[in-house]
1. For region 50-63, which positions are assigned to a strand (DSSP E or B) and either more than 20 Å from residue 27 (Cα to Cα) or touching a helix residue (DSSP H, G or I) at 6+ places or on another chain (Cβ under 7 Å) (or both)?
2. Would you please name the residue that is surrounded by the most Cβ atoms within 10 Å (Cβ to Cβ), looking only at residues in region 56-68 that are more than 12 Å from the chain's Cα centre (by Cα) and in contact (Cβ under 8 Å) with a residue 40 or more places away in the chain?
3. Restricting attention to region 34-49, and to residues there that are in a strand (DSSP E or B) and touching a helix residue (DSSP H, G or I) at 6+ places or on another chain (Cβ under 7 Å), which single residue is surrounded by the most Cβ atoms within 10 Å (Cβ to Cβ)?
4. Give just the number: which of (1) in a helix (DSSP H, G or I); (2) crowded, with 17+ Cβ neighbours inside 10 Å does residue 26 not satisfy?
C-alpha cells in the first residue's frame, strides 16, 4: 500500500488560469518527485483598471511518500 502526500501550490500567469496551473506543476516538479495528479482548488486573479493582469491557480499536488 502506498501513502500519498498532498501539498498546495499557487501558480501565476499573465496569460490564463490554465497556464497558471501548468506553471504551478512545473515549478513544483523541480523539487517534488513523481507527481501523480493535481486538483485545481481555486482560480483567482488580480484586476487593475478593470482588466485581469495576473491569473492565479491554487493547485493540490499528489505524490507518493518516499521510503528511504
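Each value in this text was obtained by applying a stated rule to the coordinates, not by laboratory testing. Being a predicted model, the structure only gives us computed values, none of them experimental. Cβ atoms come from the backbone with ideal geometry, glycine included; neighbour counts cover every protein chain shown.
1. 51, 52, 53, 55, 56, 57, 59, 61
2. The selected residue is 63.
3. Applying the filter and picking the extreme gives 38.
4. Answer for residue 26: the failing condition is (2).
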